[in-house]
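K.L.:
Supplied in structure tokens, the structure appears directly below.
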Amino acid sequence: MGEPPSAAEGYILSYHLFLVGTLLDFVSGFVALLVSYYAYRYNRLLRSTPLLFLSFGFMLLGLGLLSEASIHLFSAVYTRQLRIFVEASAVYLVMQVAAYLVIAMGYAYEAYRRGTLSPTAASLLLVGVKRPPVLLLPYRLSVTAELLSVIILAVVVYQATLVYTTSKNRFAGMVLTGFLLIMLGQAISLGGVIVLSTPSFEIGELTRFLGFLVLLVFLLRSGRSGQA
Amino acid sequence: MGKPEGVRSKLRIYLDILRVIEEEGEAIPTHILYKANLSHDRLTSYVGDLEQRGLIVQVTRGESRAYTLTPEGRKFLKELRRAEAFLSGFGISL
């Protein structure tokens, strides 16, 4: 088996695909920050630990997406240095894993509080962030980070499914659909990273973006619930 | 850890009281008591809280007293409803 390919070989994109991908990241990042803001705002009413986790997790996700998109755009237009491009992606991947872990911890905390999760399962989720794997090359970072993201998102989707099946609430359904699409997107991206397929990676990004769009619809509809 | 499912939080009780008052326009204490499912002592305590915060105001309805929402009360009720919808998406109760 040969040497793993470098990140440069793994992420060669056409200019237009790159712009579309960056735009999707900007919108997704904006949606994530909106979710974080509303979780923070309602936490001021409720003083709820799960809400704090959700707010912080979505903030990490949003900031990560916006930073990555901004740096990609800047480096593509001004510096044209692939190293900056790759490093921005690396930082984002780490933030992404941390963000999903914090969100999963928020769900686990609430599920444990309501008694729908066993103490063992909850404690496994609440143990804390694992030490990041030793990374030698960006390719390994990408694969590891994407794989961790998919696993953590699977836990989040499981929790969201429990919430939806218990409540049969349309808002819970929207959140479940959003997270499901984000997880699916991450899984497709993981496949794209492993086999170095740019189209698969882009399809994964698009699917993840659809997940954030569903979360935006959730925010708009729940916002309109203020009326009687 | 946490409260049992059947126990309502303070915010949930506020929401229930404010909803009743909004539905009726001007709600007498007895109606609030039954529709919000409260004991007399709790009703007195929570209604007093809401009045003190300027969210509801007492009005005279013939010989009896009733409560109606203030503009701040309507705003707060709207915010609680939005919060309830948002939180329900994540399985968190008010």
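What follows is calculated from the coordinates using simple rules that are stated; it is not laboratory data. What you see is a predicted model; the values in this text were computed from it and never measured. Note: ideal-geometry Cβ built from the backbone for every residue, glycine included; neighbour counts use all protein chains shown.
K.L.:
Can you check what the net charge comes to around A:Glu146, using other residues whose Cβ is under 13 Å from the Cβ of A:Glu146 (Lys, Arg +1; Asp, Glu -1)?
P.N.:
Local charge sum for A:Glu146: +1.
K.L.:
Counting Lys +1, Arg +1, Asp -1, Glu -1, what net charge surrounds B:Gln52 among other residues with beta carbon under 15 Å of its beta carbon?
P.N.:
Counting the neighbours of B:Gln52, the net charge comes to -1.
K.L.:
Under 5 Å between amide H atoms, partner at least 5 residues away or on a different chain: which partners does B:Tyr67 have, H built in plane at 1.01 Å?
P.N.:
Counting only residues 5 or more places away or on other chains, the set is B:Ala27, B:Ile28, B:Val59.
K.L.:
What percentages make up the Cα-Cα pair-distance distribution of chain B when the bins are 5 Å wide from 0?
P.N.:
Per 5 Å bin, starting at 0, the Cα pair percentages come out as 2, 13, 24, 24, 18, 11, 5, 2, 1, 0.
K.L.:
Rank the residues B:Asp41, B:Asp49, B:Asp16, A:Asp25 as a footprinting-exposure proxy: fewest other Cβ atoms within 10 Å of their Cβ go first.
P.N.:
B:Asp41, B:Asp49, B:Asp16, A:Asp25
K.L.:
Follow-up question, since we're still on this one. Among B:Gly25, B:Gly62, B:Gly73, determine the one that fluctuates most according to a GNM of chain B built with springs between C-alpha atoms less than 10 Å apart.
P.N.:
Among B:Gly25, B:Gly62, B:Gly73, the largest GNM mean-square fluctuation belongs to B:Gly62.
K.L.:
Counting partner chain Cβ atoms within 10 Å of every residue's Cβ in B:77-83, what's the average?
P.N.:
6
K.L.:
Sequence gap at least 6, Cα distance under 8 Å: using those rules, report the relative contact order of chain B to the nearest whole percent.
P.N.:
28 percent.
K.L.:
Measuring from label point to label point, each 7 Å out along Cα→Cβ, what is the B:Val57 to A:Val91 span in nm?
P.N.:
5.3
K.L.:
B:Leu15: net charge of surrounding residues, Cβ under 12 Å, Lys/Arg +1, Asp/Glu -1, itself excluded?
P.N.:
+3
K.L.:
Starting from segment A:150-217, pick out the trypsin sites (Lys or Arg not before Pro) whose DSSP state is loop and whose Cβ has at most 14 other Cβ atoms within 10 Å.
P.N.:
A:Lys168
K.L.:
Could you work out the mean count of beta carbons from other protein chains within 10 Å of each residue's beta carbon in A:168-174?
P.N.:
Average neighbour count from other chains, rounded to a whole number: 3.
K.L.:
Also: Which of A:Val27, A:Val163 has the fewest other C-beta atoms within 10 Å, and how do the rest follow up to the most?
P.N.:
The most exposed by this proxy come first: A:Val27, A:Val163.
K.L.:
Can you bin segment B:16-63 into rounded, prolate or oblate? Criterion: square roots of the alpha carbon gyration tensor eigenvalues sorted a ≥ b ≥ c, rounded for a/c under 1.5, prolate for a/b above b/c, oblate for the rest.
P.N.:
Verdict is rounded for segment B:16-63.
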